[in-house]
Each structure stands twice: as C-alpha cells, then as structure tokens.
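The values are calculated or read from the model by the stated rules, or taken from the named source; none is laboratory data. Keep in mind that this is a model prediction, so the values were computed, not measured. No Cβ is skipped: glycine too gets one built from the backbone with ideal geometry, and neighbour counts run over all protein chains shown. Note: areas computed on protein heavy atoms with side chains; ligands, DNA, RNA excluded. Shrake-Rupley method; radii C 1.70, N 1.55, O 1.52, S 1.80 Å.
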Amino acid sequence: MSNLKMKEAALIYLDRSGGLQKFIDDCKYYNDSKQSYAVYRFKILINPSDVVELDAELGNHILHQPLKAAEVFQSVCFIAVKTLSLIGQLQTETQINILLKLSHLPPLPSYGLDLCEFPLDYTSQRFYMMQGIVIAMTTVTKYTQGARFLCSDEACPLSKGFQYIRVHVPGATESATIRNDFLCNLCASSLQEDRKFRVLGDKQIVEIITTKALHAFQGYSNNQPFRFQSLTVFLRVPSGISDNFRCLLSLTSSSCWKFTAILANIFASQITPPGTYNLLKLCLLMSLVQITDRNKELEDCLDILIITSDTLLADRLLNFSINLVPRGIRHPVSTEIFPTLSRNKYGTGAVSIQAGSALLAKGGICFIGDLASHKKDKLEQLQSVLESRSITVYIPGKKFGEDIDQQMTFPVQCSFWSFVDMDSSSRRNAQKINTLIGQMDCSLIPANLMEAFGLLINCNESSPCHPFLPTVQHTLKKGINPEGLLYVASRQFTTEDFEKLLAFAKNLNVEFSLEAERMIHGYYLASRRIRTDSICGSKLSASALKYLVSLSEAHARLNLRNEVRKEDVLIAALLFETSLTLKYGATVFCVAPNAVFPFELYNEEYLEQRDLYLTQCQQQLEQFIATYGPGTTIFSSDE
C-alpha cells in the first residue's frame, strides 16, 4: 500500500509540475522515430521541496534512496505509456530508464560532500552537493546506457522479445552492463546481445580536489613533500544539450547546413510562426553564440542592424532572444548606453562613473531598440564604439575638484542589436535617392554608422521571404491563448533547450580548416577588388575580414563543431554579400535576397533542395574567387 501511495503521489506531482506533458512529448518523439531502441531514456525534473510537501515518503525516497524512487517513477511512466498507447514498440517496464534531475538539495550539512572531512560516507547511494577544483580529466568516450539480450536457443521462448534488458545504473562498470557470460533463466543457455538495439551515451572522468587544498601552496616549504588526495567523478552524458537536439544533430549529420536551418526555422516559435523570418533568426542565433569572453577578443562580436516595416514584431523577437543569455541587456531609453560622469553622492568628492548599458552587457548582447530614438551625438558615439570596441571617459579636473584632467578607457565586449522603421513618417516624407540594383534606400541612416554594423538585414514582411498570412494567424491565436504552445516545435524544443544549446555552443573553441581559410581570404580579396573604384576607393571597411571570420566561426559553433569548414564560409559569404548588396547594390557575384533560405522548410525534401541550391552557390563562389581573387590576371600586385 505504501508503494501504491507513492505511485499516486508521483503521478500527481508529474501532472502538477508539467512533467507529464513533457513525458508525453518525449514519448511521441520516440514513437515517431525510425530508430530501434532497447531502452527509452526519460529525464524527470524534480523539485524536492514540492515533492516533500506533497508526499513526505516519496520525497524521502528521492533524497535518500533515489534508485528506489526512480523505480516508482518507472512504474508510473510505464502505466502511462500503456494506458495512453504512447509508444507502440515498448513491451516491458524494464525498457524505461528514468533519470531524476533534482533542482536543488536541502541546504543542510549532511547533503554536502566535503573531501576534507573524515570518515566519508561510502555506503549510501544518494545525492550530494560538492565543490572542488578539477586537476585532471579524460577525453569524452562512449558507454552503454542500455542493451538487449536474447537467448541463444531459438526454441526458447525468451529468444524473442525484450525480457533481458541491461540498463546502466550509477556506480556500475561497463562489464556490469555488457558481458558474454549471461545465462538464460529459463533454459540456462548463453545470452547474446542484439547489437542494433544498443543505446550509447557520453562519459568523462575527472579528478577533483577540495578548494582547501590550495592552501598547501601558500608559504609551504619546498623541502616538505606533499600530495593531493583527489576524488574521481564519472560524468555521464556531458554534452550539455537536450536529447531532442542531440538526436536532431545526429539525423542531420550528413549535411553541414541542415541543422542550423532547422534551428532557425523553429527558433522563437512563441513570437513568430516556424518558417517565417528565418534569415533574421539565423543571424540572431549566430550572434548569440559569439558573445563569450572565452578569449577576450573583441572582434568576435556580431552586430546586427535590422530594417523592417514591423517594428513591434522585431522588438518582440529581439527581446525574446536576449533573454536566452545571462548578459542580455535591453537598453532603457531614459538611461545612457555608455559610461557617464556624476558627482559622488556620498560626499567624498570623488567622481562617480555610471557604467551604462553597453558595459553591463559585457559578454552578451546590448539591444538598443530603434535607432531613431537616439540623438545624433549618441549615434556618433555608437559609431565610434562599433569601430574601436572601446569607450574613453574624460574626467575634467576643475569640474570635480581635481588639479589635473584624467581619462579612463573601457573595452566594450558585447554585440549591439538595433532596428530602423522603414515606414516611419520621416522616411516617407524624405526625398528618394537613386539606387542601384539590390540597393536599399538607407539615406536616413548615417552612412558610417551603417557601415560600422557588421550585418544589415532587410525584414520586409510583404516579401516572399516573410509571408504575411502565417504571422497574422499566429497573432490571432496568441490573442486567444497567450500562454499556449501553438506548434509541435514549441513543445519538442523548449526555450530551456535553446538556452542550453547556446550556452554549450558559445564555449566551443573552433579552428579554421585550410580550405576554409583559403576560401574566406579569397572571397574577401575578390569582393574588395570589385567594390573598389578610383574615386571613393574600396567600399569594404578594414573590419570586413573580421566580420567574415566571426560569421564563419558562429555558423560552425551553431553546428556544434570545433572546425570551420568551407560550408560555413559559404553561409558567411552569402550573409555578408546580402548585407553589402543592401548597402551598395549588386555586383558580378550576384546573391539573391533569399539565398540562405531559398525555399520554405516544410519537410526533409525541401531541406535536400536547399542543400543542392547551396552547393551550386558554393561552386559560384569558388568560380568568383578563381576569376577575381588573388593570383588572377585582373588582380594587381599592389592589391
């Protein structure tokens, strides 16, 4: 009866916490998959405080006997699968593998594992919190999460079905899951593994020492030997991304373009329906994975300026995106973007430097809203910062009671996002200027400021790239059900999944392959060549190559790769050329406005068509480099 009561409490908790709906969505993913599984792995998020409040016995099991608690949830999930017919292939309860993920542990001493305390509790198999310093680590290797065994005697009824399932449990070795000496309980014949059902996961082994061990270096005599006693920790599945994204990455591994295309297609489906504004969403994702201070190089930043007729949707989309990273700052119009001076309010006589939004967004995004909301002097200051990636504050001595003037320079380590309303009254009343093919009338934007932004993106909702009807339908549905998840993608790939993906991707260290490096330099030199005239000189700024490198790195990171390939350079070149065309018009390397997303992504067939189209674009880019790049007759020795 006690066990039945805990199962009821587990079901109630899953229903109240939203875990039941997530479980149903995960089951749908497994049921729709063409892959064969011996074990179906489910992560269940647990808040121990809520569970203890609901049922003390179940909460006690989760905290002190988690393996038994997992069995309770395993039974509940199996009943749910069978009752609701969620996974047709599932046959036995042992095929369900439950992983409990706790939000926290009680802040009590007994739940902390201190490596300096003795004796340690080696017997209890429960959750602990610990902090330490990693002194050694292995590379990531595979381990078996689950496997299916069959009786080798074909006459035995257990030579079929899923009666013999081996599942990895915490603390077990690989040999405990996979061996060749298992025997059938019915006929004593040897068991053989059905390898096509084996489920693999990632593992990494690290050695940790307590932070107190560092005291040994503080004034310790070199003549006295000492050693650190480390604790070995096995990390299972350390990739940091959700199972759904991991599976999607595996399914699209044959292409360098499909994964990021699907990411852009489904991104921010709470704001705009899948398939709309894909170009903008791809650029936002690429900018988000470049916002880390892993190497403190300022040229990593990807600044974006959007020209749109729907400022409300652009504002919502950008505001949604900055909330996916820790340092996403939306600049309030009533405050300053950059540091300002004021008198110290504590009466010490010292000057106080107010940080401003840009410095607060260090390692993140500074969304400054509509460019039209900022005065001319602030836009000039913004242009200077975009070009130099630093801001200098001058402190007049006389004004603040000092004998001499001072100045302080701060690095600006963030990406800037902004938009311009193409249908504003000032734009409509302005005199139109003659434009070249593909060029956009950007006369209201200072030319130098427009050039300082790495990417200029046109989001015109009436164009084929941005169909109007799906957006209207989405808005109406959201008005009726504001909190509802309108699309399957919203349930399958949650906002939390995107947060984890971006956090993992932005910390990847990437390096250029030789062919990618040659292609990016070839495109830059060729593009600089054809956009140079005797009067105005080159239209490509000195930072153009840095933006191309950053775009290429961002696409590789978004693909969760450590190597930049020529396919990444192609996407970077298409995005950059599209931006140049909007600024200056088309050239011999003519790129369509929708070159990155030439088709609406409905299914796998359209993804294949897009891959073929991009392959043709890559051939055109290589031909362009061969014709106008370095080493050609058209290229002078000076260039």
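When the chain is fully extended, how far beyond the present Cα-Cα distance does VAL52 get from ARG195, taking 0.36 nm per residue of separation?
Numbers: separation 143, 0.36 × 143 = 51.48 nm, distance 4.11 nm.
My answer for the length gained is 47.4 nm.
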Subtracting the Cα-Cα distance from 0.36 nm times the residue separation, let me have the gained length for ASN180 to SER373 in nm, one decimal. 62.3 nm
Between THR139 and CYS187, what is the spin-label point distance in nm, taking each point 7 Å from the Cα along the Cα→C-beta axis? 4.3 nm
From highest to lowest solvent-accessible area (probe 1.4 Å; ligands, DNA and RNA excluded), SER253, SER190 read SER253, SER190
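What FRET efficiency comes out for the pair LYS398/GLU336, r = Cβ-Cβ distance, R0 = 25 Å, nearest 0.05?
Working: r = 23 Å, r/R0 = 0.91.
For LYS398 and GLU336, the calculated efficiency is 0.65.
What ranking do 323-333, 256-266 get when scored by the average of other Cβ atoms within 10 Å per residue, highest first?
Values: 323-333: 16.5, 256-266: 22.0.
Per-residue mean Cβ counts within 10 Å order the peptides as 256-266, 323-333.
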At a Förster radius of 60 Å, what calculated FRET efficiency corresponds to the Cβ-Cβ distance of CYS116 and CYS590, to the nearest 0.05? 0.35
For segment 530-610, with every protein chain kept in place, what is the accessible area per residue (1.4 Å probe, Å²)? 39 Å²
For segment 132-195 and segment 352-408, what is the separation of their C-alpha centers, rounded to whole Å? 62 Å
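Using a cut-off of 12 Å between beta-carbons, work out the net charge of the residues near ILE98 (Lys and Arg +1, Asp and Glu -1, ILE98 not included). Don't skip to the answer; put the middle values down first.
On the way: positive: ARG41, LYS43, LYS68, LYS101; negative: ASP26, GLU71, GLU93.
Once positives and negatives cancel, what remains is +1.
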Taking 0.36 nm per residue of separation and subtracting the Cα-Cα distance, what length does fully extending GLN354 through THR211 add? 48.0 nm
For SER334, what charge total do you get from the other residues with a beta carbon under 14 Å from its beta carbon, if Lys and Arg give +1 and Asp and Glu give -1? +2
Can you compute the modelled spin-label distance between LEU45 and ALA172, with each label point 7 Å from Cα toward Cβ, in nm? 2.8 nm
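Hand me the chymotrypsin sites (Phe, Trp or Tyr not before Pro) from segment 68-162 located in a DSSP loop with no more than 14 other Cβ atoms within 10 Å, in residue order please. Don't skip to the end; give the middle numbers.
Values: sites: PHE73, PHE78, TYR111, TYR122, PHE127, TYR128, TYR143, PHE149, PHE162; in loops: TYR122, PHE127, TYR128, PHE162.
Here the sparse-neighbourhood loop sites are TYR122, TYR128.
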Starting from the Cα of GLU622, move 7 Å in the Cα-to-Cβ direction to define the label point; list residues of segment 563-588 whose amide nitrogen is under 14 Å from there. 566-570
Size of segment 60-215 along its principal axes in angstrom, Cα-based, largest extent first? 66, 35, 26
Could you go through segment 353-367 in sequence order and give the Karplus-derived ³J(HN,Hα) for each residue, using 6.51 cos²θ - 1.76 cosθ + 1.60 with θ = phi - 60°, rounded to whole Hz, and x for Gly and Pro? 9, 7, 4, x, 5, 5, 6, 5, 8, 3, x, x, 10, 10, 8
Just list whichever of LYS258/LYS566; LYS506/LYS546; LYS212/LYS500; LYS546/LYS583 have alpha carbons separated by over 22 Å in the model shown. LYS212/LYS500
Local charge sum around ILE205 (other residues, Cβ-Cβ under 14 Å, Lys/Arg +1, Asp/Glu -1)? 0
